[in-house]
Each structure stands twice: as C-alpha cells, then as structure tokens.
Amino acid sequence: MNKTKITLTFNLDNQQDRRVYEGLIKLTTTFGRDLSNAFIIFFDRLIYTLSECEQRMQKCENLLIQIADRSVGKKEGHA
C-alpha cells in the first residue's frame, strides 16, 4: 500500500485556524476513527455533497429556464 503524509500547521491565535483545528480534532470523536481515517471520511462526504448540490442547482436552473420560456410563450399567445 502506497501511503504519504502531510503536515498541517495552525496558528492557534488566529480564530479561523483555531476553528479548523478544533473541527479536525472533533472528527475523531464524530467518526470514531483515527484522525487520518476520520478526515478522509469527512472530506469524501463533503466533496460528494458539494457535487450533489451542484447537480441539483443545475437541474433547478434548467427548470426555471423552462418555466420562464413557457411563461413568455403564453404571454405571446403561443401556449
């Protein structure tokens, strides 16, 4: 198995850094796994959710365009 490591550095005096750090640490409790596995699960779910949101947003945009086109057609007497 090919593995690699990364190092993250946090400035705990910085509010954003501290928030991210504390969130990462809580992942182990949330998922009941070591930090590496918990982070992978979290990030994978995040990416999946963002992708799903983008797909739904595109479907909504397409639906709104169709509704607008139909509305314009009705106003012009083409319905």
Flagged pairs (Cβ under 6 angstrom, 6 or more apart or on separate chains; first in the range 14-26, under 17 Å from A38 (Cα atoms); second modelled with pLDDT of 95 or more) are Y21/F10
With the first residue restricted to the range 63-79 and required to be modelled with pLDDT under 90 and acidic (D, E), and the second required to be surrounded by 10 or more Cβ atoms within 10 Å (Cβ to Cβ) and part of a helix (DSSP H, G or I), Cβ contacts under 9 Å at 6 or more apart or on different chains are none
Restricting the range 5-57 to residues that are among the polar types (S, T, N, Q) and in contact with an Asp or Glu (Cβ under 7 Å, 6 or more places away or on another chain), the one surrounded by the fewest Cβ atoms within 10 Å (Cβ to Cβ) turns out to be N11
> Would it be correct to say that T9 is among the hydroxyl-bearing types (S, T, Y) and assigned to a helix (DSSP H, G or I)?
Replying inline: no
Of the residues that make up the range 12-27, is at least one in a loop (DSSP other than H, G, I, E, B), among the hydrophobic types (A, V, I, L, M, F, W, C) and either modelled with pLDDT of 95 or more or within 19 Å of the chain's Cα centre (by Cα) (or both)? yes
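The values are calculated or read from the model by the stated rules, or taken from the named source; none is laboratory data. The shown structure was predicted, so the numbers you read here are calculated from the model rather than taken from an experiment. For neighbour counting, all protein chains shown are included, and Cβ atoms are generated from backbone atoms with ideal geometry for every residue, glycine included.
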